[in-house]
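Asker: So that we are looking at the same thing, I have put the structure below in structure tokens.
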Amino acid sequence: MIPSAEYHSPFAIAPSRFLGGLASAISRGVSAAVLMLALHGGCVVHANDNRPPDELIRLSLWSRDQLDRPQAVVSHASALAVHGLTLLLPELVHLSVPNGFRKQPPLGCTLHRRAATLADVEHREGFDVTAPLRTLLDVATTADVAEDEVVRAARMALERGLFSRRALASELQRTPVPDSLARRLRRFARASR
């Protein structure tokens, strides 16, 4: 079965069923590029997956306090992936939690103890994620993501208008980023103002 255009999910099409569903898929608006990928590879991962990842929702629910408020915010390399600013898939889910958070992280999860301000957080369906600029600064201050990937993420975010060059330059003055990366990001932030 070929999914409708509204259902953006990984899917596979068996070759014997592919041709039978081709006409109906085209009538529902599935792009020819997606169909060609399906024909050649049998599996397509759609880049615009707008559905919330189940694992991030589960971790948000796990982090609730006594008043039933989620405490964890998806951050660092995981937030880069959520924002679509990297093609890398982090090995661990990175969460920022308040300093007083006492739960032990489940397997496959790492906690960063830092209270996120409301300005640093975006609300998604079922979980919160650090804003793109905060995310970029978080990965810039840790060794989890290579410098080239951080610079690439900054370029993508600026091209998509997720934050301004001025905001990036301002935050770089306040954030302890390693010198070599800070120079690259400052040079990039000054360009084409």
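The values are calculated or read from the model by the stated rules, or taken from the named source; none is laboratory data. Since the model is a prediction, treat every value here as computed from it, not as a measurement. As a convention, Cβ positions derive from the backbone with ideal geometry for all residues, glycine included, and neighbour counts pool all protein chains shown. Quick note on the areas: whole protein, heavy atoms, side chains included, nothing else; ligands and nucleic acids left out. Shrake-Rupley method; radii C 1.70, N 1.55, O 1.52, S 1.80 Å.
Asker: Look through segment 146-176, keep the residues that are open to solvent by 90 Å² or more (accessible area, probe 1.4 Å) and part of a helix (DSSP H, G or I), and return whichever of them is farthest from Ala119 (Cα to Cα).
Answerer: Checked segment 146-176; the qualifying residue farthest from Ala119 (Cα to Cα) is Arg152.
Asker: Can you run down the residue pairs with Cβ atoms below 6 Å, 6 or more apart or on separate chains, where the first is in segment 177-191 and outside any helix (DSSP H, G or I) and the partner is at pLDDT 85 or above and open to solvent by less than 30 Å² (accessible area, probe 1.4 Å)?
Answerer: Val177/Ala140
Asker: Take the residues of segment 117-127 that are farther than 17 Å from Pro176 by Cβ and in contact with a helix residue (DSSP H, G or I) (Cβ under 7 Å, 6 or more places away or on another chain): which is least open to solvent (accessible area, probe 1.4 Å)?
Answerer: Ranking the candidates gives Phe127 first.
Asker: To continue, here is another question. Would you be able to tell me the number of residues in segment 57-92 that are open to solvent by less than 50 Å² (accessible area, probe 1.4 Å) and either among the acidic types (Asp, Glu) or within 11 Å of the chain's Cα centre (by Cα) (or both)?
Answerer: 15
Asker: Additional query: Take Leu107 and tell me if it is touching an Asp or Glu at 6+ places or on another chain (Cβ under 8 Å), in a loop (DSSP other than H, G, I, E, B) and surrounded by fewer than 18 Cβ atoms within 10 Å (Cβ to Cβ). If you could, list the steps in order and put the result at the bottom.
Answerer: On the way: touching an Asp or Glu at 6+ places or on another chain (Cβ under 8 Å): no; in a loop (DSSP other than H, G, I, E, B): yes; surrounded by fewer than 18 Cβ atoms within 10 Å (Cβ to Cβ): yes.
The answer is no for Leu107.
Asker: Additional query: Report yes if some residue within segment 118-131 is over 22 Å from Glu55 (Cα atoms) and in a helix (DSSP H, G or I); otherwise report no.
Answerer: yes
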